[in-house]
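> One structure coming up, written as structure tokens, with questions to follow.
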Amino acid sequence: MTQHSLMTFSRRGFVLVSTGTLLSACVSMPTNKGVTAGTRDETASALPMVNELRRSKGLPALSANSAAQQAAAFQANRMVKAQKMAHLIGLTDSFLIRMRDGNVPLPAAENVAAGQDTVERVVKAWIGSPHHLENMLGNYGGLGVAVAYDAAAKNRPYWAMVLCR
């Protein structure tokens, strides 16, 4: 075996092979269950803003999608628990697996943010970011937006938007 390491990931964990040593760990993948009561659905508030943006670009309107909304709420809640804004939280996290486990129609995309105190400000921040804007203008039909508050950090808001087919 060479000096190079090979790391593979699976739903059950990871295996690291390096210079003849084999390490493994079982890590449970998150499911879209366990959203706290402090997580708020903001889909109805965000949808008109996103649809106005899409209309201005000649794109069809999105509609609220309950699976995308639940996936957004789940991700906002996860960010609060981790106290960090991120798409992937934990070594074995997988966006695709989260979407599949949440029955979100694929393809899908996710925008995350933290700190904005209103849905208007977070949508404006996403519009001002080229990659987030690209997601909102993508070939999607459904939308879900949620915010969760971190009580341990002066109620810092964590936002998630999920767009889906």
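The values are calculated or read from the model by the stated rules, or taken from the named source; none is laboratory data. Small disclaimer: the values here were computed from a predicted structure and weren't measured. So basically every Cβ, Gly included, is an ideal-geometry build from the backbone, and we count neighbours across all protein chains shown. The accessibility values were calculated without ligands, DNA or RNA, using every heavy atom of the protein model including side chains. Shrake-Rupley method; radii C 1.70, N 1.55, O 1.52, S 1.80 Å.
> Please work out if Leu106 is open to solvent by less than 70 Å² (accessible area, probe 1.4 Å), outside any helix (DSSP H, G or I) and either touching a residue at least 24 places away in the same chain (Cβ under 8 Å) or among the acidic types (Asp, Glu) (or both).
No; evaluated as a whole, the condition is false for this residue.
> I've got another one for you. Just to be sure before I move on: is Met85 surrounded by 14 or more Cβ atoms within 10 Å (Cβ to Cβ) and outside any loop (DSSP other than H, G, I, E, B) in the structure I sent?
no
> Let me ask something else about it. Which ones in segment 62-76 are over 10 Å from the mean Cα position of the chain (by Cα), open to solvent by less than 60 Å² (accessible area, probe 1.4 Å) and farther than 13 Å from Ala44 by Cβ?
Ala67
> Next question. Identify the residue in segment 88-97 that is free of Cβ contacts under 8 Å to residues at least 60 places away in the same chain and surrounded by 14 or more Cβ atoms within 10 Å (Cβ to Cβ) and, among all such residues, is farthest from Arg156 (Cα to Cα).
Once the filter is applied, the top-ranked residue is Phe95.
> Further question on the same structure: How many residues are assigned to a strand (DSSP E or B) and open to solvent by 10 Å² or more (accessible area, probe 1.4 Å) if we restrict to segment 113-149?
Selection size over segment 113-149: 2.
> When you look at Arg165, is it over 16 Å from Asn51 (Cα atoms), out of contact with any His (no Cβ under 7 Å at 6 or more places or on another chain), of a type in the set (D, E, K, R) and surrounded by 14 or more Cβ atoms within 10 Å (Cβ to Cβ), yes or no?
Considered against the rule, which asks whether it is over 16 Å from Asn51 (Cα atoms), out of contact with any His (no Cβ under 7 Å at 6 or more places or on another chain), of a type in the set (D, E, K, R) and surrounded by 14 or more Cβ atoms within 10 Å (Cβ to Cβ), Arg165 comes out as no.
> Just one of the numbered conditions (1) in contact with a helix residue (DSSP H, G or I) (Cβ under 6 Å, 6 or more places away or on another chain); (2) at pLDDT 95 or above is not true of Met85; which one?
With (1) in contact with a helix residue (DSSP H, G or I) (Cβ under 6 Å, 6 or more places away or on another chain); (2) at pLDDT 95 or above applied to Met85, the lone miss is (2).
> Please find, within segment 38-79, the residue that is farthest from Ala125 (Cα to Cα) out of those that are β-branched (Val, Ile, Thr) and at pLDDT 95 or above.
Thr43
> Here is a further query. Checking Asp101 against (1) open to solvent by 40 Å² or more (accessible area, probe 1.4 Å); (2) within 12 Å of Leu163 (Cα to Cα): exactly one of these is not met. Which one?
Just one mismatch for Asp101, condition (2).
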